[in-house]
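Colleague: One structure coming up, written as structure tokens, with questions to follow.
The values are calculated or read from the model by the stated rules, or taken from the named source; none is laboratory data. Nothing here was measured: the structure is a model prediction, and the numbers come from that model. Cβ coordinates were reconstructed from backbone atoms using ideal geometry, including for glycine residues, and neighbour counts include every protein chain displayed. Accessible surface areas use protein heavy atoms only, side chains included; no ligands, DNA or RNA. Shrake-Rupley method; radii C 1.70, N 1.55, O 1.52, S 1.80 Å.
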Amino acid sequence: MTPEYNKVHNRFKFNGLHFSHEDLKEVAYSLIKEGEAYEKVTGNFLIDWLNNKDFLYVTTSGSTGLPKEIKLMKQAMVNSAIATGNFFGLEPGDKALHCLPSHFIAGKMMFVRALVLGLEIDFVEPSAQPIFDYEKTYDFCAMVPIQLKHTVNYIQNIKSIIVGGSKVTKPLLEKIKNCEPKFYETYGMTETVTHVAVRQLQSKSAEKETYFKAIEHITFEQDDRNCLVIHAPKLVEEALITNDIVELQSETSFQLFGRFDNVINSGGVKLFPEQIEDKLQPAITQRFIVAGEDDVTLGEKLILIVENPSESKEDILKAIKELKTLGKFEVPKQVYTIAKFSETVNGKIQRKKTIKAVLKS
């Protein structure tokens with residue numbers, strides 16, 4: 001029998017205490033009235049979750065466009081929680097660490113998973129460096145890359161960690177190779193009620209996977225642009241067409257290349273910024289992106305934009321040209337700098353806004 005959104009699992013615990021559906025309403029009001037800023041947001045979410053409506057509104061992050069409000073059915077969120085629980089083998093009474101803000105879908109879904117699956121959840125302040133009980137054993141945790149970067153020396157007692165929200169950088173991938181937990185990069189969005197696919201990363205206890213694998217009841221296809229189309233009948237009624245260019249291995253697995261709207265056509269050669277940025281990481285210490293700029297000869301030329309660099313443009317280009325992994329079309333033709341990237345409220349780079357600001361100046 002499928003759990004319903006208006007029920008609280010009898011094994012659910014919030015910071016060590018079990019609460020019934022009615023008790024949890026009192027907790028929510030208390031968080032709103034007396035809590036810290038991040039707790040007030042959580043209180044508001046719990047009030048929305050525990051009311052009699054079968055839906056709630058969630059705001060997208062705004063990383064690929066303007067933030068927008070989306071209506072999500074609560075039962076779809078329950079279905080997502082069950083699929084995640086099944087994929088990771090989560091059982092009632094398992095312990096989860098929650099360190100994400102409740103503004104966005106990822107933070108909301110950590111609570112929903114706990115309520116539906118009967119997890120014992122420890123909720124801590126969602127800072128860039130979360131403070132939690134480093135000696136306690138946890139079965140499951142979700143983090144954004146910056147949190148993982150700052151806690152990588154303290155996560156030895158967490159069994160499985162999902163990482164999403166932004167790109168996992170190469171230096172971070174190198175660090176987690178020496179860590180005990182299993183790490184998974186996630187693929188999803190607000191519209192799909194967080195992740196619909198995950199990709200295992202290399203660590204002491206796991207091998208790296210090339211392809212993202214679907215969680216249950218999810219299938220994929222490609223449109224005529226080679227972009228991913230998601231079929232998730234238990235999460236969203238209609239097929240969801242993305243702008244993410246992929247190579248399908250099967251209807252339940254794919255390799256991700258980059259966004260269709262970011263592709264640069266330079267002299268007839270298609271360049272994927274996300275792929276090039278991966279290759280450039282060893283040469284550049286600050287945050288950066290690559291983009292296309294109009295060019296009379298090539299149509300578009302590849303440029304590099306670096307945030308507040310400590311090196312000169314010449315030194316950056318010299319380091320890039322020493323890389324052995326770049327194809328000849330993947331070497332930027334010009335370097336631009338900017339004091340600060342445009343960001344969403346949760347720290348994701350707003351690529352289009354940043355490019356526009358640089359090329360206008």
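Colleague: Consider only pairs whose beta carbons are under 7 Å apart and that are at least six residues apart or on different chains; among these, list those whose first residue lies in region 217-232 and is at positive phi and whose second residue is assigned to a strand (DSSP E or B) and basic (Lys, Arg).
Modeller: Short answer, once both residue conditions are applied: none.
Colleague: Are any residues in region 92-106 touching a helix residue (DSSP H, G or I) at 6+ places or on another chain (Cβ under 8 Å) and within 20 Å of Lys159 (Cα to Cα), and if so, which ones?
Modeller: Pro92, Asp94, Ala96, His98, Cys99, Leu100
Colleague: Hey, could you check region 320-354 for residues that are among the hydrophobic types (A, V, I, L, M, F, W, C), surrounded by 14 or more Cβ atoms within 10 Å (Cβ to Cβ) and free of Cβ contacts under 8 Å to residues at least 40 places away in the same chain and say which is nearest to Ile303 (Cα to Cα)?
Modeller: Val335
Colleague: Quickly run through region 261-284 and pick out the residues that are open to solvent by 40 Å² or more (accessible area, probe 1.4 Å) and more than 22 Å from the chain's Cα centre (by Cα).
Modeller: Selection gives Asn265, Gly267, Gly268, Val269, Lys270, Pro282.
Colleague: Can you tell me which residue among Met189, Met110, Met143 is of a type outside the set (S, T, N, Q), buried (at least 20 other Cβ atoms within 10 Å of the Cβ) and at pLDDT below 95?
Modeller: Of Met189, Met110, Met143, the one residue that is of a type outside the set (S, T, N, Q), buried (at least 20 other Cβ atoms within 10 Å of the Cβ) and at pLDDT below 95 is Met189.
Colleague: How do the strands (runs of 3 or more DSSP E) wholly within region 135-206 filter down when requiring 2 or more residues that are farther than 26 Å from Lys74 by Cβ: which remain?
Modeller: 158-163, 182-189, 194-201
Colleague: Which count do you get for residues in region 71-96 that are surrounded by fewer than 16 Cβ atoms within 10 Å (Cβ to Cβ) and under 20 Å from Leu50 (Cα atoms)?
Modeller: So the count comes out to 1.
Colleague: Check Lys136, Lys149, Lys159 and return the single one that is open to solvent by 10 Å² or more (accessible area, probe 1.4 Å), touching a strand residue (DSSP E or B) at 6+ places or on another chain (Cβ under 8 Å) and without any contact (Cβ under 8 Å) to a residue 40 or more places away in the chain.
Modeller: Lys159
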